[in-house]
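First the structure, in the form of structure tokens, and then the observations on it.
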Amino acid sequence: MSTIEEAAVSHLITDAGVAAITTKHHPLVMPQNAVLPLTVYQVISGPPDFIDHVNPRIQIACWAVSYSVAVALGNAVRAAMHMQHATVSGLHFQSMVVNEMDGNPDLDAGHFCRIVDVKFFYQKPLT
């Protein structure tokens, strides 16, 4: 069974709108000398170990060499994740976008960022 991060990325990879802009999705940090556009994702809040029904929040930063492409990628991520019900590798989740904002641009590198916060709802597998 997938982790929620793996399920979220798999869902993004298979979404035609996101895939039309990028197929590159990285955990935590942008790789050095990365070719944009791409997304960087991180878990902002996770579930406690003692709760079965959980709702972690994952932040997806959409990076591009122009603001308009960063926004377009953010819009595609929002469309892929907002009010969705999906099953990926045995993990069924529901998701909704709870916030969207501009990230801090890296003006020296000419990189722009749009951030999409997604809340997930799922039942942890029994161990």
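Brief remarks on what is shown
- Extension gain, Asp52 to Glu6, is 14.7 nm, computed as 0.36 nm per intervening residue step minus the present C-alpha separation.
- Helix-only arithmetic for the chain: the sum of -39500 (n - 2.57) across DSSP H runs with n ≥ 4, divided by the residue total, places the mean residue ellipticity at 222 nm at -7000 deg cm²/dmol.
- Between 0 and 90°, nearest 10: helix 4-14 axis offset from the chain longest Cα axis: 50
- Pairwise FRET efficiency - His26 versus Asn99, Cβ, R0 = 22 Å, nearest 0.05: 0.60
Read-outs: derived from the displayed coordinates by stated rules, not from any lab. Only a predicted model underlies this, so the values are computations on that prediction, with no experimental measurement involved. As a convention, Cβ positions derive from the backbone with ideal geometry for all residues, glycine included, and neighbour counts pool all protein chains shown.
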